[in-house]
Amino acid sequence: MASSAEVVAPSNAEEATETPAAQKREDRLRKFRELHFKRNEARKLNHQEVVEEDKRLKLPSNWEAKKARLEYELIVDQKKKRPNSQSWLRLRDRERSGYAEAQLRQYQRLTKQIKPDMENYERQREEWCVFRIEKRSKYSRRRAYNDDADIDYINERNAKFNKKAERFYGKYTAEIKQNLERGTAV
């Protein structure tokens, strides 16, 4: 038993000496955890602010004026004792809508206002088509097919080759061709 008491006594002594060091270590770890939590919280708040700022920057430049005007209209409607639920919907829709949607609405509104003059359009189209056909007939690149021309080819590719050869060497071979046709070739 005495040996067990001796074993217990040094452990108590070690605990007594390690307690201030362990306590300091625990305090440091606790402070570290607190700083870690504070850093995470600050990071989250900063991210939320960045997101909100990005949303504000994407809104049109006159967004605040539009919002104030709609809120004023809403207050006026409430004062008249005519609760207008559509004004809330308008406010919500305008908050959600972006520049592209506003542009589409404006395009649709403007195209509904256009009243086309079909008679004038048809007359101008006829004039343009006639002028274009006349111009095209002058500058047509189609070659007329000549039935009387000699056939000296076996397919279209060969015909193109023969035309090219005639263009470059025709003046040199004209006499030879004539002799072959007469049968007086040497």
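Excluding same-chain neighbours fewer than eight residues apart, the lysines reachable from K79 by a Cα-Cα span under 23 Å are K66, K67. With the whole protein complex present, E175 retains an accessible surface near 130 Å², based on a 1.4 Å probe. At a 1.4 Å probe radius, carbon and sulfur cover how many percent of the accessible area of segment 94-137? Heavy-atom surface of segment 94-137 belonging to carbon and sulfur, 1.4 Å probe: 54 percent.
The values are calculated or read from the model by the stated rules, or taken from the named source; none is laboratory data. Since the model is a prediction, treat every value here as computed from it, not as a measurement. Protein only, heavy atoms only, side chains kept; ligands, DNA and RNA dropped before computing areas. Shrake-Rupley method; radii C 1.70, N 1.55, O 1.52, S 1.80 Å.
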